[in-house]
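Derivation of every value follows stated rules applied to the coordinates shown; laboratory data play no part. Given the structure is predicted, the values throughout are model-derived calculations rather than measurements. Please note: Cβ atoms are built from the backbone with ideal geometry, for glycine as well, and neighbour counts cover all protein chains shown.
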Amino acid sequence: MAHDSTAAAQQFYGRWADLYDFLARATPGLGRLRAHAADALALEPGDTVVEMGCGTGANFEHLRERVGPAGRVVGVDFTRGMLERARDRIEREDWRNVHVVQADATGIEFRESPDAILATFVVGMLGDPGRAVNRWADMLAPGGSLALLDAAQTNQWFGCPVNLAFRGLVVASSPTGMDGYDRPPWAILDERVATARRALRARADETAHTEHALGVVRVTGGRIDSGGA
Ligand SMILES: C[S@@+](CC[C@H](N)C(=O)[O-])C[C@H]1O[C@@H](n2cnc3c(N)ncnc32)[C@H](O)[C@@H]1O
């Protein structure tokens, strides 16, 4: 089952990589949210930052700006088509300190502990987001930071029309549409996004949480004190 959903996600993102890349770059306000997520990592020049589920690399410029030429950015994704766009971007911009790896973000291991890990619009796709967040926290250098950027239904009082529109968007952007779920995909997304945040709060010494876009987008960042080998 997990294998089926992995294959469906890879097929879906592989097929729509060009459109995704366009939307990732051109959607108004998204760049600001990405900058906000990068800020939540409190990066310093020279840091190594890993982006899990990096897609076409829309966050790279924000991360690279913060770690500077002496730092490193490593993007991880399991979809070849998305990584091809990310590689094109790296070549076009001549970013020597940005690299991508094709791998499963929930199983990858690094020889050296990164200083920070970012995942944007990813934990909602994971079968066990709490486990993934815990793994990522374990992987970090002591005092390292972890930040998540996600969309889920809003809890604001005016949420009804916003959530109706959001549900349509979730179905359109789900690798299997409404098929293969025992509950509506937006309910599963809400739960995964919340589970990932609970796991992050449980591991973090300090956390910061902000909401944007009518409460649909959440940015949560934390400094992990018990991480590292
Ligand atoms: C919605 S896109 C987000 C891409 C990028 N983070 C962004 O903000 O534009 C989700 C990405 O996560 C990747 N992904 C999902 N699950 C993954 C996993 N277990 N391992 C690696 N990549 C994964 C997909 O291939 C896709 O590129």
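Less than 11 Å Cβ to Cβ from ARG183, Lys/Arg counted +1 and Asp/Glu -1: what total charge do the surrounding residues give?
Values: positive: none; negative: ASP182, ASP190, GLU191.
Summing Lys and Arg as +1 and Asp and Glu as -1 gives -3.
Summed over qualifying helices (DSSP H, 4 residues or more, each -39500 (n - 2.57)) and divided by its residue number, the chain shows a 222 nm mean residue ellipticity of -14000 deg cm²/dmol.
By counting other Cβ atoms within 10 Å of each Cβ, how are TYR181, TYR20, TYR13 ranked from fewest to most?
Numbers: TYR181 14, TYR20 20, TYR13 23.
So the residues, fewest neighbours to most, are TYR181, TYR20, TYR13.
By its C-alpha gyration tensor, with a ≥ b ≥ c as the square roots of the eigenvalues, how is region 73-121 shaped: rounded for a/c under 1.5, else prolate for a/b larger than b/c, else oblate?
Working: a/c = 1.97, a/b = 1.31, b/c = 1.50.
Taking the square roots of the gyration eigenvalues as a ≥ b ≥ c, region 73-121 is oblate.
What is the sum of charges around ARG92, taking Lys and Arg as +1, Asp and Glu as -1, for the other residues whose C-beta is under 14 Å from the C-beta of ARG92?
Numbers: positive: ARG25, ARG64, ARG85, ARG87, ARG89, ARG96; negative: ASP21, GLU61, GLU84, ASP88, GLU91, GLU93, ASP94.
Once all neighbours under 14 Å are counted, the net charge is -1.
With a/c under 1.5 counting as rounded, go ahead and sort region 29-68 into rounded, prolate or oblate using the C-alpha gyration tensor (a ≥ b ≥ c being the square roots of the eigenvalues; past the cut-off, prolate if a/b is larger than b/c, else oblate).
Oblate shape, in that a/c is at least 1.5 and b/c is the bigger or equal ratio.
Exposed loop positions in the chain were taken to be GluC sites (Glu not before Pro) whose DSSP state is not H, G, I, E or B and which have at most 13 other beta-carbon atoms within 10 angstrom. Between these positions, the longest stretch is 113-229. Roughly how far apart, in whole Å, are the Cα centres of region 88-141 and region 47-87? Spelled out, the Cα-based centre of one part sits 8 Å from the other. Simple rule: put +1 on each Lys or Arg Cβ and -1 on each Asp or Glu Cβ in the chain, find the dipole, and look at THR79, PRO142, GLN11; the Cα lying farthest toward the positive end is GLN11. From most to least packed by mean Cβ count within 10 Å, the peptides 135-142, 75-82, 95-102 give 75-82, 135-142, 95-102.
Net charge near LEU41: determine it from the other residues with C-beta under 13 Å of the C-beta of LEU41, scoring Lys and Arg +1 and Asp and Glu -1. Combined, the nearby Lys, Arg, Asp and Glu give -3.
Under the rule a/c < 1.5 gives rounded, and otherwise a/b versus b/c splits prolate from oblate, where does the chain land using the Cα gyration tensor? Here the chain falls in the rounded category.
Only bridges with both residues in the chain count here: give the DSSP antiparallel percent, nearest 5.
The antiparallel proportion sits near 45 percent.
Only the Cβ atoms of Lys and Arg (+1) and of Asp and Glu (-1) were treated as charged; on that basis the dipole of the chain about its Cα centre amounts to roughly 280 debye.
Only helices at least 18 Å long along their own axis, judged from Cα atoms, and with Kyte-Doolittle mean hydropathy of 1.0 or greater: name those in the chain from DSSP H.
On the way: long enough: 2-15 (20 Å, -0.81); 80-93 (20 Å, -1.78); 159-172 (19 Å, 1.34); 185-203 (27 Å, -0.39).
Both cut-offs are met by 159-172.
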